[in-house]
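Single-structure report; data block below.
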Amino acid sequence: MKLILLGAPGAGKGTQATRISDKYNLPHISTGDILRKNIKEGTKLGVQAKSFIDAGQLVPDEVVINIVNDRLQQADCNNGYILDGFPRTVAQAEALDKVAKIDAVINIAVDASLIVNRITGRRMCACGESYHISMGIGDTCPKCGAKLYQRDDDKEETVKARMQVYDTQTAPLIDYYTAKNLVIDVDGGKPLNEVFEQISKVIDDYNKK
Ligand code: AMP
């Protein structure tokens with residue numbers, strides 16, 4: 001199944017994508033993760049992307065489109081994948097249409113008032129897990145023991161810019177995919193497990209067809 005997870009920053013796309021990937025054995029393709037890896041490794045792409053990410057702005061379309069086109073050609077994508085954080089603009093969605101036939105777009109809807117607290121309290125681990133400070137976690141990852149950190153772009157000012165970018169550039173994708181009859185809304189304000197159950201049901205129904 002070829003799945004897109006759509007939602008504002010902090011909607012829980014990454015967390016849900018990690019879980020779906022584990023349960024259904026589908027590759028989790030996160031453009032944000034790919035860009036951050038490149039920044040960490042100091043590649044040309046990373047250098048190019050860093051200033052956009054730090055400002056809460058989108059990396060230019062042609063850059064991310066190339067990344068995704070390359071990634072989708074890898075053998076593990078033959079049986080489907082989960083796209084997390086791509087597409088983020090209509091131009092990216094149109095580029096994706098040229099190389100893939102998407103089966104469903106899950107729109108994780110969250111009230112804007114929840115978002116700032118969710119993101120500024122988020123702590124990440126290099127192993128891919130993420131937590132919220134309200135979970136009472138310490139400095140290290142309960143799963144693998146590595147030191148937790150806050151993403152640079154999870155600071156409050158950058159979060160506001162990212163939310164504005166979402167409203168103007170990414171939210172129009174809901175209409176774009178609704179017109180193609182692909183959108184399934186899930187309530188991202190619910191606890192993680194309930195959101196995961198809602199998404200699992202969508203995939204199970206698809207697999208039964
Ligand atoms: P994320 O981890 O999905 O929240 O992405 C973090 C940042 O990476 C975003 O705020 C953008 O600056 C950049 N980014 C990730 N995915 C895309 C995309 N599809 N198009 C443009 N920029 C992106």
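Does ILE20 satisfy the condition of being more than 12 Å from the ligand (Cβ to nearest atom), in contact with a strand residue (DSSP E or B) (Cβ under 6 Å, 6 or more places away or on another chain), in contact (Cβ under 8 Å) with a residue 40 or more places away in the chain and of a type in the set (A, V, I, L, M)?
On the way: more than 12 Å from the ligand (Cβ to nearest atom): yes; in contact with a strand residue (DSSP E or B) (Cβ under 6 Å, 6 or more places away or on another chain): yes; in contact (Cβ under 8 Å) with a residue 40 or more places away in the chain: yes; of a type in the set (A, V, I, L, M): yes.
It is true that ILE20 is more than 12 Å from the ligand (Cβ to nearest atom), in contact with a strand residue (DSSP E or B) (Cβ under 6 Å, 6 or more places away or on another chain), in contact (Cβ under 8 Å) with a residue 40 or more places away in the chain and of a type in the set (A, V, I, L, M).
Just one of (1) of a type in the set (D, E, K, R); (2) in a helix (DSSP H, G or I); (3) within 27 Å of CYS125 (Cβ to Cβ) fails for ARG88. It is (2). Go through the residues of the stretch 42-56 one by one and say whether even a single one is within 8 Å of the ligand (Cβ to nearest atom), closer than 14 Å to GLY85 by Cβ, assigned to a loop (DSSP other than H, G, I, E, B) and of a type outside the set (Asp, Glu). Scanning the stretch 42-56, I find at least one residue that is within 8 Å of the ligand (Cβ to nearest atom), closer than 14 Å to GLY85 by Cβ, assigned to a loop (DSSP other than H, G, I, E, B) and of a type outside the set (Asp, Glu), so the answer is yes. Among the residues making up the stretch 86-101, those that are closer than 24 Å to GLN198 by Cβ and either open to solvent by 10 Å² or more (accessible area, probe 1.4 Å) or without any contact (Cβ under 8 Å) to a residue 24 or more places away in the chain (or both) are ARG88, ALA100, LYS101.
For THR140, are the conditions met, namely being exposed (fewer than 14 other Cβ atoms within 10 Å of the Cβ), at pLDDT 95 or above and away from the ligand (no atom under 14 Å from the Cβ)? Yes; evaluated as a whole, the condition is true for this residue.
Restricting ASP175, ASP204 to residues that are more than 18 Å from the chain's Cα centre (by Cα), under 26 Å from THR89 (Cβ atoms), open to solvent by 30 Å² or more (accessible area, probe 1.4 Å) and not hydrophobic (A, V, I, L, M, F, W, C) narrows the list to ASP175. Using the structure shown, decide if VAL165 is surrounded by 15 or more Cβ atoms within 10 Å (Cβ to Cβ), among the β-branched types (Val, Ile, Thr), touching a residue at least 24 places away in the same chain (Cβ under 8 Å) and in contact with a helix residue (DSSP H, G or I) (Cβ under 7 Å, 6 or more places away or on another chain). Here the answer is no, as VAL165 does not meet what is asked.
The values are calculated or read from the model by the stated rules, or taken from the named source; none is laboratory data. The structure presented is a predicted model; accordingly, all values stated were derived computationally and were not measured. For neighbour counting, all protein chains shown are included, and Cβ atoms are generated from backbone atoms with ideal geometry for every residue, glycine included. Ligands, DNA and RNA are excluded from the accessible area calculation, which covers all protein heavy atoms including side chains. Shrake-Rupley method; radii C 1.70, N 1.55, O 1.52, S 1.80 Å.
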